[in-house]
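Student: Okay, here's the structure, questions in a sec.
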Amino acid sequence: MRSLISIHDLSPDEIDGLIATANDIMANPDDYADCCRRKKLATLFYEPSTRTRLSFESAMLELGGSVIGFSEATSSSSAKGESVSDTARTVGCFADIIAMRHPKEGAPLVASISAGVPVINAGDGGHNHPTQTLADLITISREKGRLGNMTVGLCGDLKFGRTVHSLIDALSRYAGIKFIMISPDELTIPDYVMQDIILKRNIPYYETGSLEEVMHELDILYMTRVQRERFFNEADYIRLKDSYVLTPEKLISAKKELAVLHPLPRVNEISTSVDDDPRACYFKQVLYGKFIRMALIMMLLEVNK
Ligand code: NCD
């Protein structure tokens, strides 16, 4: 029995397989409509979510399965003091697979040890978010036709943005990746990501505070929101929240084939006037995310079409 806690739990070949399955589901949805009949997904969300939870739930429903769960900690027994481990063991008696989002780093890992069913990390604190990375990778693969040989700009809150950490981890396994990390000094990537991934794997990188300076070089621009809920101090958040705002003017110097991604939700960091630019891929990313979660659920439940 397998869980997905970190993107490293999947090999590059397995990621290719998930992308291929997701592409096939998009082309032939009827072939998959009954794959998970009589199977149940539990979504245990201790933190706010729109896309990730509804994406998982839609994915399971479109596979013919059903869904149970909660969308806020206050409505679960954690409000009575129950441990993550006991909650997971309990839910594992009801559901065949669990997707969990939790504000504490490592909570889905703890859950996976006691649940007795596969657990998917749907975001743990400021740490990881592997299924968002799957959505990011399928989007890059469909837009660019490849996952290696490109310059990837990561812009915004690189310190607390968990999707950035998982994406760096995933992309740095492909040849020819260069990262350009664009953030205020206070929001640079955590030391463990720099040491254990970028430096250890000798990945070329460049750090800057200026998006304009590097725009022309980028093949992918991955924008992120400043993660208000992880700040200790509201004044710092207010000072940093509008550090970067992508506008049509800033895209003038960008490549024609640039792909702009964002895990969403956006606050101010991409002007809505960018949405109609053919390079804006963030709503496609939402759609593809559902199909690759379908592929992932099938893989972890070991079902075929
Ligand atoms: C992201 C998250 O929850 O980390 N959202 C998502 O799952 N698509 C990004 C964010 O909240 O900024």
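Student: Between Lys256 and Tyr206, what is the label-to-label distance in nm when each label sits 7 Å out along the Cα-to-Cβ direction?
Tutor: 2.3 nm
Student: How many nm is it between the label spots at Arg89 and Ile113, if each spot is 7 Å from the Cα in line with the beta carbon?
Tutor: 1.2 nm
Student: Continuing with the same structure: Under 10 Å, Cα contacts only: if you run a Gaussian network model on the chain, which one of Gly145, Gly176, Gly156 comes out with the highest mean-square fluctuation?
Tutor: Gly145
Student: Let me ask you something else. Under a GNM of the chain (C-alpha, springs under 10 Å), which listed residue has the highest mean-square fluctuation: Asn121, Asn233, Asn268?
Tutor: Residue with maximal mean-square fluctuation among Asn121, Asn233, Asn268: Asn233.
Student: What does the charge count around Ser112 come to, taking other residues whose C-beta lies under 15 Å from its C-beta (Lys +1, Arg +1, Asp -1, Glu -1)?
Tutor: Working: positive: Arg2, Arg89, Arg101, Lys104; negative: Asp9, Asp86, Asp96, Glu105, Asp124.
It works out to a net charge of -1.
Student: Right, another one. Taking the chain as a Gaussian network, Cα atoms linked when under 10 Å apart, which of Gly17, Gly81, Gly65 shows the biggest mean-square fluctuation?
Tutor: Gly81
Student: Counting Lys and Arg as +1 and Asp and Glu as -1, what is the net charge of the other residues whose Cβ lies under 15 Å from the Cβ of Ser71? Please list the in-between numbers first.
Tutor: Details: positive: Arg51, Arg53, Arg101; negative: Glu47, Glu57, Glu72.
After counting each charged neighbour, the total is 0.
Student: Here's another thing I want to ask about it. Can you compute the radius of gyration and Dmax for the chain, using only the Cα atoms, both in Å?
Tutor: Looking at the chain, its Cα Rg and Dmax stand at 18.9, 55 Å.
Student: So what's the angle, to the nearest 10 degrees on a 0 to 90 scale, between helix 12-27 and the longest Cα principal axis of the chain?
Tutor: It works out to around 80 degrees.
Student: Within the chain, which is the longest segment that contains none of the chymotrypsin sites (Phe, Trp or Tyr not before Pro) sitting in a DSSP loop with at most 14 other Cβ atoms within 10 Å? Intermediate results must be reported in sequence, preceding the final value.
Tutor: Details: sites that count: Phe94, Phe232.
So the longest stretch without any such site is 95-231.
Just so you know, all these numbers are worked out from the coordinates, no wet-lab data involved. Remember, predicted model here, so these are calculated numbers, not experimental data. Glycine also receives a Cβ, built like all others from the backbone with ideal geometry; neighbour counts cover every protein chain displayed.
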